[in-house]
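K.L.:
Please read through the structure below; I'll follow up with questions.
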Amino acid sequence: MIRIGTRGSKLALWQANDLKDKLQSVGVQSELIIIKTKGDNVQHLGFDKMEGKGFFTKEIEDALIDEKIDVAVHSLKDLPTSGHPALAVSGVSTRANPRDLLIIHPDQVDASRTIKVKSGATIGTSSIRRKVQIHSFDESINLVDIRGNVPTRINKVRNGEVNGIVLAAAGVERLQLDLSDLEVIRFNPLEFIPAPAQGVIGYQCRKDDKVSRTIIKGVHHADVSACTNIERKILNLLDGGCQLPLGAYCTRDANGHYHCTAILGSEPGKRVAKTSASRSTSAGLAEHIVSELKNQHQL
């Protein structure tokens, strides 16, 4: 029996149950162990105001190190790149829709504006990456921190606490949420750059647990990790976590060539550096992207 460690939100449970189903399809039985994290317990602060990294992962990693669970399931974008030396990402899922969505109340739509929301609208997001990109399109927008699980944040738009919110499309689609009463703007991931590894689920094991790592390898998608490894290496080279205003999105075409776009901001309202590069190999691609972003910041 494989013990799967997960947060208790609806989305986290969806992700953990998805792994449970995949394991069952290869003849492996498993059970879920729910663990509360700092990110779950501290709801009054935005991520950019919380100290450290791993807001949604540390307690789950601790349980893995202490052998209370065998596999930790994370949204890969939440997992710090400089992890505990005893742990490793042993597998990743397929990639769901990587886009960000701007979900707004119908009363706040203005089709004449760049991102189709009225001037001065209040948009909720606790992601500094999303804040700097929103303001790069429209500085009139009033940005406020917002926390809570995905359905809770959407309901804050419905009840008028905020005029709109920005969410990852993957979470909305995985939970099959009905947004028919709201206006949904689906950003192009090459224009509004997602977080590194957005839309991908990571499966973490202890390095010395060969049994669990072998099992997870059976549900691993190497084609996805080839791209997310580049995105996460960019994050690692910039020594960043959830609070770094970095977006990175990499794809691989039918010929095996890599295409990567990234942005790096400082704070909302300030210039956002953006660069893209294509290469036939992943070698040196992350380093090139980071060098270009740093050069733009120094201009």
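The values are calculated or read from the model by the stated rules, or taken from the named source; none is laboratory data. No experiment lies behind these values; they were computed from the predicted model shown. Quick reminder, even Gly has a Cβ in these numbers, built from the backbone with ideal geometry, and neighbours come from all protein chains shown.
K.L.:
Looking at 125, 152, can you tell me which residue is free of Cβ contacts under 8 Å to residues at least 60 places away in the same chain and in contact with a Lys or Arg (Cβ under 7 Å, 6 or more places away or on another chain)? Break it down into steps so the answer makes sense when it comes.
P.N.:
Details: 152 fails: in contact with a Lys or Arg (Cβ under 7 Å, 6 or more places away or on another chain).
Just a single option satisfies the conditions, and that option is 125.
K.L.:
Looking at (1) surrounded by fewer than 18 Cβ atoms within 10 Å (Cβ to Cβ); (2) modelled with pLDDT of 95 or more; (3) in a loop (DSSP other than H, G, I, E, B), find the lone condition where residue 271 falls short.
P.N.:
(2)
Residues are listed down the side, and each one gets a yes or a no for (1) over 22 Å from residue 265 (Cβ atoms); (2) of a type in the set (Phe, Trp, Tyr); (3) surrounded by fewer than 17 Cβ atoms within 10 Å (Cβ to Cβ); (4) in contact with a strand residue (DSSP E or B) (Cβ under 6 Å, 6 or more places away or on another chain):
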{"position": "136", "(1), (2), (3), (4)": "no, no, no, no"}
{"position": "140", "(1), (2), (3), (4)": "no, no, yes, no"}
{"position": "145", "(1), (2), (3), (4)": "no, no, yes, no"}
{"position": "164", "(1), (2), (3), (4)": "no, no, no, yes"}
{"position": "188", "(1), (2), (3), (4)": "no, no, yes, no"}
{"position": "199", "(1), (2), (3), (4)": "no, no, no, no"}
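K.L.:
Go through (1) crowded, with 19+ Cβ neighbours inside 10 Å; (2) in contact with a helix residue (DSSP H, G or I) (Cβ under 6 Å, 6 or more places away or on another chain) and name the single condition residue 114 misses.
P.N.:
Answer for residue 114: the failing condition is (1).
K.L.:
I would also like to ask the following. For the structure I just gave you, tell me whether residue 101 is in contact with a Leu (Cβ under 9 Å, 6 or more places away or on another chain), under 18 Å from residue 136 (Cβ atoms) and in contact (Cβ under 8 Å) with a residue 60 or more places away in the chain.
P.N.:
Working: in contact with a Leu (Cβ under 9 Å, 6 or more places away or on another chain): yes; under 18 Å from residue 136 (Cβ atoms): yes; in contact (Cβ under 8 Å) with a residue 60 or more places away in the chain: yes.
Taking the combined requirement at face value, the residue satisfies it.
K.L.:
Which ones in segment 203-216 are over 11 Å from residue 64 (Cβ atoms), surrounded by fewer than 21 Cβ atoms within 10 Å (Cβ to Cβ) and touching a strand residue (DSSP E or B) at 6+ places or on another chain (Cβ under 6 Å)?
P.N.:
The one that is over 11 Å from residue 64 (Cβ atoms), surrounded by fewer than 21 Cβ atoms within 10 Å (Cβ to Cβ) and touching a strand residue (DSSP E or B) at 6+ places or on another chain (Cβ under 6 Å): 213.
K.L.:
So, in segment 180-211, how many residues would count as being assigned to a strand (DSSP E or B) and under 21 Å from residue 76 (Cα atoms)?
P.N.:
Filtering segment 180-211 down to residues assigned to a strand (DSSP E or B) leaves 183-186, 201-206.
Now narrow it down to the ones that are under 21 Å from residue 76 (Cα atoms): 201-206.
Counting residues in segment 180-211 that are assigned to a strand (DSSP E or B) and under 21 Å from residue 76 (Cα atoms) gives 6.
K.L.:
Could you list, ordered by first residue, the pairs with Cβ atoms under 7 Å in which the first is in segment 196-207 and over 23 Å from residue 127 (Cα atoms) and modelled with pLDDT under 95 and the second is outside any loop (DSSP other than H, G, I, E, B) and not small (Gly, Ala, Ser), at least 6 apart or interchain?
P.N.:
none
K.L.:
To continue, here is another question. Could you check segment 246-268 and list, in sequence order, the residues that are farther than 17 Å from residue 98 by Cα and surrounded by 15 or more Cβ atoms within 10 Å (Cβ to Cβ)?
P.N.:
To start, the set of residues in segment 246-268 that are farther than 17 Å from residue 98 by Cα comprises 254-257, 264-268.
Hits for segment 246-268 are 264, 265, 268.
K.L.:
Exactly one condition in (1) part of a helix (DSSP H, G or I); (2) of a type in the set (A, V, I, L, M); (3) more than 26 Å from residue 262 (Cβ to Cβ) is not met by residue 177; state its number.
P.N.:
(1)
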